Amino acid sequence: QHSCTAVVDGVGGGRMAEEPAEDFLEERRKLQDEDKQLASFAGLRSDATGETLFVGGFPLEWDDALQVRRIKIPQDATLEQVLALGLDTLKEELSKLAMKCGGTSEERAARMWETRGVEDVR
């Protein structure tokens, strides 16, 4: 049986704790399953490779400049498609871009739509 060793800080300083590798792997599998369930609940879907997530038909991609995962609106997206993301999603995405995130759904969608096709919005 393999084991992993971790340092756990306690009241009397650090101590060593051993955790069997099987327990660690089982916990990791549980967390991955929970992530998949949460993604499904939130309306996220993956492409065939499982590497790209989509929200409302738009790719959710890592933005190196902002160090966040954000929805990237393609150049050919319509305002109606962006509006379909919904009030809360638009607010979250606009705040990631440090843009004004208040207002009506239509106002938020218009601001988000202005970012379409732009790679670096800073």
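Annotations for the structure displayed:
- 5 angstrom amide H check on residue 58, placed H, neighbours 5+ away: none
- Within the range 58-122, GluC sites (Glu not before Pro) in DSSP loop having at most 16 other beta-carbon neighbours inside 10 Å: 114, 119
FYI, it's all coordinate maths here, none of it is from the lab. All figures in this text were calculated on a predicted structure; none of them were measured in a lab. Positions of Cβ are backbone-derived with ideal geometry, glycine not excepted, and every protein chain shown enters the neighbour counts.
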